[in-house]
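Contents: one structure, followed by commentary.
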Amino acid sequence: MEPEWLTLSAIKNSEGEISHYVNVFSSVGELIKRQRYLEHAANHDALTGLPNRLLLADRISVAMELALRTQTLLAVCYLDLDGFKPVNDHWGHEAGDEVLKQVAVRLKSLMRKCDTVARLGGDEFVLLLGNMTNLTDCDSFLTRVLTEIERPTPIAQGFAYVSASIGVTVFPLDNVPAMTLLLHADQGLYQAKNSGKSCFSYCSALPRQ
C-alpha cells in the first residue's frame, strides 16, 4: 500500500464551536512528484528544458571551484543567434520557438558531462566548458559549435538558417567573480558581432597565453 499524507481540519459553526472534522488524504507519491516538478520548473527554461539563469548561477560557481581544484580551465561562453529575428518576423513565433528548441538539442548533444548549456532568454545561451587544458582546446570546441548551429534547421515552412556569435572568457586566466565572467563573455560577444558574426571572440580583458 502506498503511504498517504493525512490532513485533519476542524470545521466550526456560526457560534465558533467545532462542529466536525474533515480528513483529507493525499498520496505521498503524488506530492513528491509535484514537488520535483516544481523544483525542475523553477530551475529550467520552459521552452527548451535547459537550465535557466537561476540554475546557471549555481552551476558556474561549482564549475569554478572544480577548475581551481583540478588546475584546469573553464571557458564561459555567451552565445547569441545570428539571423534569428528574420525567422520570427517572416514565419512567426512558432517557427522561432522551433528553431530555439532545435538549437538547444544541438548544443546539448555537444556537451560533455563536465559542461553546461543554459538559456538566458530570447536567443541567448551560455555554455560552461570545463576541463580545458589550453585555449586551443576551447577554439576547437567552439568551432564545432558554430558548425553545428549553421546546419539548416527544419521547420514546418521549410528550412530556417541561423548562425551564432560567441563571446568567451576563461577562468582562472580571467580571475574574477562568476557574474563578472558572464559580463566579460558578453563583451566578447559584442566583439564577435562587430567582427562579422558567425564567429567567436575572446574578451579583450583575457590574457592570451
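Residue by residue, here is whether (1) assigned to a loop (DSSP other than H, G, I, E, B); (2) acidic (Asp, Glu); (3) over 19 Å from LEU50 (Cβ atoms) holds:
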residue	(1), (2), (3)
THR143	no, no, yes
GLU148	no, yes, no
PHE159	no, no, yes
ALA164	no, no, no
ASP174	yes, yes, yes
ALA185	no, no, no
GLY188	no, no, yes
**Message:** Can you tell me how many residues within region 101-137 are under 20 Å from VAL162 (Cα atoms) and crowded, with 22+ Cβ neighbours inside 10 Å?
**Reply:** 8
**Message:** Looking at region 147-160 only, could you name the residues that are surrounded by fewer than 17 Cβ atoms within 10 Å (Cβ to Cβ) and touching a strand residue (DSSP E or B) at 6+ places or on another chain (Cβ under 7 Å)?
**Reply:** GLU150, PRO152, PHE159
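Just so you know, all these numbers are worked out from the coordinates, no wet-lab data involved. Quick caveat, the model's predicted, so the values are computed rather than measured. Cβ atoms come from the backbone with ideal geometry, glycine included; neighbour counts cover every protein chain shown.
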